[in-house]
């Protein structure tokens, strides 16, 4: 359903309006009245009174026209009756500010009541909604106008972001406080921002992802529409309490899942409000020039190339270090570019990268523009960073103010004409020249690490192929697993196409010896069943060469583990094999998440893993394998033959298919998965039932 009535209603009623500036009802009413030249505003308070010449009405029944959007700021016990009254008079959009007093079931019932009448509900327990493009301010606080659309579950964080944006010369196009998300959620709000032409950058702070796959598809849609998404979230791991039951539980944290979703959808995951603002300022100015295209086609797979120019050799060098440390490239400039730059330097020498002005700026301020234009026009690099003193000359010498502002205009025009990114790091703050730069859309930063981090985040956006997640199928037919032990999980995975060594399951030493004679031969492996970590518990014996050794190992293992059931399994030792761990964890928000990494008993020590939402395609599975830090071990390290990547990818796909088909398995794991030049074979597996 459309959210037009949320952002640009024809009429608004504020229930709980107040004339007391200490109350929320005052700020909601005052904000609503600020937009009354665009819409009709009604103020409701049963005690009477008025604000700014507008009398308070006793209830919604007394409102003379239908209020399209009702803002509810009344005590918790009155919320339902206000919503019922609003629906009765024809309202179809409700923003419920009120918090406390309502349990989740009551809130869900309230949302169901509204949606059953064809309406929408924002909140409860939210800070409201703002649209600076439609003069709508139904919230408390200051919201500078700009091009950033923010969706947030934290009101105070939104105010902090607004303050930082304002200081940087930017602001909000829209702000949506999600509250408890009983109806309108993050995906709904972001969908509306994608369709909102004045919004150029989407930002979100999300704690509860609800339907994570739906939100992921929204993130991919934003990327396809050419609108970058900057995301903040919490970093706590929901898997930590289950780490002892599964390596997968330890390696697939909630944060890691969000990171993988962002990589696959072109969103950028950040760590703080300051980083979000720094990236937003750059992306609103020049995001489309840095990464990705409107049709979702990624830019070439190479680091962003940056030219650095400064009026201090030290600052230029430190800027280069900061950029390189964040994964960007500060390349050697082509000979024609070096010549074009050197023409404006003292003695016509120099022109390296970083470019040291060596006093050329003090000799003639316009050299800043001439040299920067030469770098922007050359095309050797994707972006140019101007670092140092520029912007502060008029502070020390007011007579230079007019010339410095003119040069700032030339810098902005040079970036605009070249179609490349110019970023300015300056020791100045809020000078006229910096105002000119911002008017041209040039990002200005007070610290070089801000500029470098913002460029790195902007470059990260869309640097790989965007992969919207597949929708999960409905509940599959078939039986539910009642055990996560090796025997039942092995049978399940084999049915989905995963290879295992020949094995037989026994309860006695005689049974083990018989299995060896009939099925497996020697050497073989003996495993105790139903142990979380078999090796640590003494539940695995490798390379058993004959029956005597088998019987001795069986006796030791029974004493050490007390296990009732054992696997007798053919020993598999293909040459040039690499041990991987592969698993799937059912995330509460995102569903099954596939993981692959360097395996064996040191899987958690290496923590070299790659994640993606399941199910997987063979191509996606292969990409995951090649994204590992230790991928050279798979492709042929020091003359060793490459493993069969297609077989390894198909093994991952089989594991993911099994997990999707059996959601009762909260975790499903193969460790180790032995991949080698001749194929892939699972040597152990287990699951954790929910």
_Quick check on the range 489-503. Is at least one of its residues in a loop (DSSP other than H, G, I, E, B), free of Cβ contacts under 8 Å to residues at least 60 places away in the same chain and closer than 14 Å to residue 570 by Cβ?_
no
*From (1) in contact with a strand residue (DSSP E or B) (Cβ under 8 Å, 6 or more places away or on another chain); (2) over 21 Å from residue 442 (Cα atoms), pick out the condition that doesn't hold for residue 338.*
(1)
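Just to check your reading of the model, which residue among 124, 144 is touching a residue at least 40 places away in the same chain (Cβ under 8 Å) and within 29 Å of the chain's Cα centre (by Cα)?
Values: 144 fails: touching a residue at least 40 places away in the same chain (Cβ under 8 Å).
Selected residue: 124, the only one of 124, 144 that is touching a residue at least 40 places away in the same chain (Cβ under 8 Å) and within 29 Å of the chain's Cα centre (by Cα).
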_If I ask for residues that are free of Cβ contacts under 8 Å to residues at least 24 places away in the same chain and part of a loop (DSSP other than H, G, I, E, B), which ones from the range 389-429 would you list?_
397, 429
*State yes or no: is residue 410 farther than 30 Å from residue 458 by Cα, modelled with pLDDT of 95 or more, assigned by TED's automatic domain parsing to the domain that holds residue 428 and surrounded by fewer than 21 Cβ atoms within 10 Å (Cβ to Cβ)?*
no
*Evaluate the range 508-522: report whether one residue or more is surrounded by fewer than 18 Cβ atoms within 10 Å (Cβ to Cβ) and in contact (Cβ under 8 Å) with a residue 60 or more places away in the chain.*
no
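Working carefully through the options 110, 121, find the one that is over 23 Å from residue 26 (Cα atoms), touching a helix residue (DSSP H, G or I) at 6+ places or on another chain (Cβ under 7 Å), buried (at least 17 other Cβ atoms within 10 Å of the Cβ) and modelled with pLDDT of 95 or more. Give the derivation first.
Values: 121 fails: over 23 Å from residue 26 (Cα atoms).
Just one listed residue meets the conditions, 110.
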*Kindly establish whether residue 216 is over 15 Å from residue 127 (Cβ atoms) and not in a loop (DSSP other than H, G, I, E, B).*
yes
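Consider the range 148-193. How many of its residues are in a strand (DSSP E or B) and surrounded by fewer than 21 Cβ atoms within 10 Å (Cβ to Cβ)?
Of all residues in the range 148-193, those in a strand (DSSP E or B) come to 148-152, 172-177.
Then drop every residue that is not surrounded by fewer than 21 Cβ atoms within 10 Å (Cβ to Cβ), which leaves none.
Residues that pass the stated criteria total 0.
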_I'd like to check something: does the range 397-414 contain any residue that is in contact with a helix residue (DSSP H, G or I) (Cβ under 9 Å, 6 or more places away or on another chain) and under 23 Å from residue 203 (Cβ atoms)?_
no
*Out of 598, 542, 580, sole residue that is under 23 Å from residue 643 (Cβ atoms) and either surrounded by fewer than 20 Cβ atoms within 10 Å (Cβ to Cβ) or out of contact with any helix residue (DSSP H, G or I) (no Cβ under 9 Å at 6 or more places or on another chain) (or both)*: 542
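Looking only at the range 422-433, filter to residues that are under 21 Å from residue 306 (Cβ atoms) and modelled with pLDDT of 95 or more; which one of those is surrounded by the fewest Cβ atoms within 10 Å (Cβ to Cβ)? Don't jump to the end; show me each part of the working.
Just the residues of the range 422-433 that are under 21 Å from residue 306 (Cβ atoms), to begin with: 422-427.
Next cut, modelled with pLDDT of 95 or more only: 422-426.
Details: 422: 27, 423: 28, 424: 27, 425: 26, 426: 22.
Per the criteria, the residue is 426.
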*Mind checking which residues of the range 562-604 are free of Cβ contacts under 8 Å to residues at least 60 places away in the same chain, closer than 20 Å to residue 488 by Cα and in contact with a strand residue (DSSP E or B) (Cβ under 8 Å, 6 or more places away or on another chain)?*
563
*In this structure, is residue 681 surrounded by 21 or more Cβ atoms within 10 Å (Cβ to Cβ) and either assigned by TED's automatic domain parsing to the domain that holds residue 588 or assigned to a loop (DSSP other than H, G, I, E, B) (or both)?*
no
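Quick test for you: out of 589, 648, 610, 631, pick the one residue that is surrounded by fewer than 24 Cβ atoms within 10 Å (Cβ to Cβ), in contact with a helix residue (DSSP H, G or I) (Cβ under 7 Å, 6 or more places away or on another chain) and within 18 Å of residue 677 (Cβ to Cβ). Quick ask: steps written out before the conclusion?
Working: 589 fails: within 18 Å of residue 677 (Cβ to Cβ); 648 fails: surrounded by fewer than 24 Cβ atoms within 10 Å (Cβ to Cβ); 610 fails: within 18 Å of residue 677 (Cβ to Cβ).
Going through 589, 648, 610, 631 in turn, just one is surrounded by fewer than 24 Cβ atoms within 10 Å (Cβ to Cβ), in contact with a helix residue (DSSP H, G or I) (Cβ under 7 Å, 6 or more places away or on another chain) and within 18 Å of residue 677 (Cβ to Cβ): 631.
I'm trying to understand the selection: among the residues of the range 520-562, which are in a loop (DSSP other than H, G, I, E, B) and modelled with pLDDT under 95? Break it down into steps so the answer makes sense when it comes.
Taking the range 520-562 and keeping what is in a loop (DSSP other than H, G, I, E, B), we get 521-523, 529-539, 545-546, 562.
Passing the criteria: 529, 530, 531, 532, 533, 534, 535, 536, 537, 538, 539, 562.
The values are calculated or read from the model by the stated rules, or taken from the named source; none is laboratory data. Keep in mind that this is a model prediction, so the values were computed, not measured. Heads up, the Cβs are rebuilt from the backbone with ideal geometry, glycines too, and the neighbour counts pull from every protein chain shown.
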